[in-house]
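See below for the structure under consideration.
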Amino acid sequence: MDQEITDKIKQLAKEKNAIIIAHNYEPPEIQDIADLCGDSLELSIKASQTDADVIVFCGVQFMAETASILSPEKTILLPRTDAGCPMADMVTPEALKAWIAKNPPMPVVTYVNSTAAVKALTTICCTSANVIKITNSLEENEMLMVPDRNLANYAATQTDKIIHKWDGYCPFHNALTPEQVIKQKQAYPDALFMAHPECRAEVLELADVIASTSGMINIAKESERTSFIVGTEIGLLYPLQKANPGKTFYPASTAMECVDMKKITLADIAASLENLSGEVKVPEEIRVPALASVQRMIEL
Ligand code: 13P
Ligand code: SF4
């Protein structure tokens, strides 16, 4: 069955001149069929560089929107349009506009895990891989960071800048507790603990390294350690293991499973390619201002 559907997807992708790209949290069979996998920054850059006519985005809504912002001439497909990101929905353009109106003027740094409409109100975007570089690139000493309070807390520990934090969070990363981490550290004392900056400050304090999802894959490759505790969504265990067959990876908590990142199936990809269904297209009046903030990040 899997082989049949895999062949069908490959054939359809060829016919439609489509590229399939997947986030590192997607299920194994989706990562295996993808032409490219990566973290949010890599996927944004790759989506802007391909000459395919169609991009099938295996991830969540904001990722497909970013591809549409960068490549308006391409058809961007999200095989399950109900794959969203609860953190992205924790800041609305209305609430952000109200904050901006009430406070002194300052740059707005927006995590890519946000809607296109919020990006349109933004000075510059960032991802977990470049948040420190982006923060330091701004001339201003004070800024607002949306929507992830944990990412903003992390950035604040790494720079001297004043960072106002929006009160959003990823429900799965935010739920990881120091107690769960300590338990895993006691069980695997030789393991390196890698944490994602979406985790709470008390968890990041226990981390040996803090990195994006692809950052963790690279760290595991380069490290002399042979075992690792992984403080991010458990989908990352698959590409970590694939890239490091001789090493062992333990989840910090098996409860860190993002429901939305697990929605897309091979059958959804085939149907989306066949009917060009699930198109995500950001309207021009939002796309143009949003593009400036994404482009500014990519060019840095
Ligand atoms: P990165 O892959 O950029 O680290 O992003 C993590 C994430 O939560 C994406 O939804
Ligand atoms: Fe959003 Fe968290 Fe899922 Fe990433 S892992 S898509 S931040 S809910």
statement: Within region 197-231, residues β-branched (Val, Ile, Thr) and in contact with a Pro (Cβ under 9 Å, 6 or more places away or on another chain) come out as Val203, Ile210, Thr213, Ile217, Ile229, Val230
Scan of region 28-43 for residues that are in a helix (DSSP H, G or I) and more than 12 Å from Ser214 (Cβ to Cβ), ordered by number: Pro28, Glu29, Ile30, Gln31, Asp32, Ile33
- request: Taking Asn150 as the residue in question, decide whether it is surrounded by 16 or more Cβ atoms within 10 Å (Cβ to Cβ) and either more than 16 Å from ligand 2 (Cβ to nearest atom) or in contact (Cβ under 8 Å) with a residue 12 or more places away in the chain (or both).
  value: yes
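Select, from Ser128, Ser137, the only residue that is within 13 Å of ligand 2 (Cβ to nearest atom) and among the hydroxyl-bearing types (Ser, Thr, Tyr).
Criteria check complete, one pass: Ser128.
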Index of the failed condition, Ser277 passing every other in (1) surrounded by fewer than 19 Cβ atoms within 10 Å (Cβ to Cβ); (2) small (Gly, Ala, Ser); (3) farther than 19 Å from Thr75 by Cβ: (3)
- request: Just one of (1) touching a Phe, Trp or Tyr at 6+ places or on another chain (Cβ under 6 Å); (2) assigned to a helix (DSSP H, G or I); (3) not aliphatic (A, V, I, L, M) trips up Ser48, so point out which.
  value: (1)
query: Given the structure, is Glu42 under 16 Å from Pro289 (Cα atoms) and either within 16 Å of ligand 2 (Cβ to nearest atom) or not acidic (Asp, Glu) (or both)?
result: no
field: Hey, Ser68 among the polar types (S, T, N, Q) and closer than 27 Å to Ala175 by Cβ or not
entry: no
task: Using the structure shown, decide if Ile163 is modelled with pLDDT of 95 or more and either within 12 Å of ligand 1 (Cβ to nearest atom) or more than 24 Å from Cys85 (Cβ to Cβ) (or both).
output: no
query: Quick one: would you say Asp35 is of a type in the set (Asp, Glu), within 24 Å of Glu279 (Cβ to Cβ) and away from ligand 2 (no atom under 16 Å from the Cβ)?
result: yes
message: Against the conditions (1) at pLDDT 95 or above; (2) under 21 Å from the mean Cα position of the chain (by Cα), where does Glu299 fall short? Just the number, please.
response: (1)
message: Taking the conditions exactly as written (in contact with a His (Cβ under 8 Å, 6 or more places away or on another chain) and either part of a helix (DSSP H, G or I) or aliphatic (A, V, I, L, M) (or both)), does Leu12 satisfy them or not?
response: no
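Okay, residues lined up against (1) within 16 Å of ligand 2 (Cβ to nearest atom); (2) surrounded by 21 or more Cβ atoms within 10 Å (Cβ to Cβ); (3) more than 30 Å from Asp89 (Cβ to Cβ); (4) more than 22 Å from the chain's Cα centre (by Cα):
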residue	(1), (2), (3), (4)
His196	yes, yes, no, no
Ala211	yes, yes, no, no
Ala243	no, no, yes, no
Gly246	no, no, yes, yes
message: Being in a loop (DSSP other than H, G, I, E, B), β-branched (Val, Ile, Thr) and out of contact with any helix residue (DSSP H, G or I) (no Cβ under 6 Å at 6 or more places or on another chain) is the filter here; which residues of region 51-89 pass it?
response: Thr81
Only listed residue being out of contact with any strand residue (DSSP E or B) (no Cβ under 6 Å at 6 or more places or on another chain), free of Cβ contacts under 8 Å to residues at least 40 places away in the same chain and of a type in the set (Gly, Ala, Ser), chosen from Ala101, Ala175, Ala116: Ala101
task: Taking the residues in region 248-265 that are more than 14 Å from ligand 2 (Cβ to nearest atom) and in a loop (DSSP other than H, G, I, E, B) as candidates, determine which candidate is surrounded by the fewest Cβ atoms within 10 Å (Cβ to Cβ).
output: Thr254
message: Out of Leu70, Leu77, I need the residue that is away from ligand 1 (no atom under 13 Å from the Cβ), buried (at least 21 other Cβ atoms within 10 Å of the Cβ), among the aliphatic types (A, V, I, L, M) and at pLDDT 95 or above. Which one?
response: Leu77
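The values are calculated or read from the model by the stated rules, or taken from the named source; none is laboratory data. Computed from a predicted model, the values in this text were never measured in an experiment. When we count neighbours, we look across all protein chains shown, and the Cβ atoms used for this are built from the backbone with ideal geometry, even at glycine.
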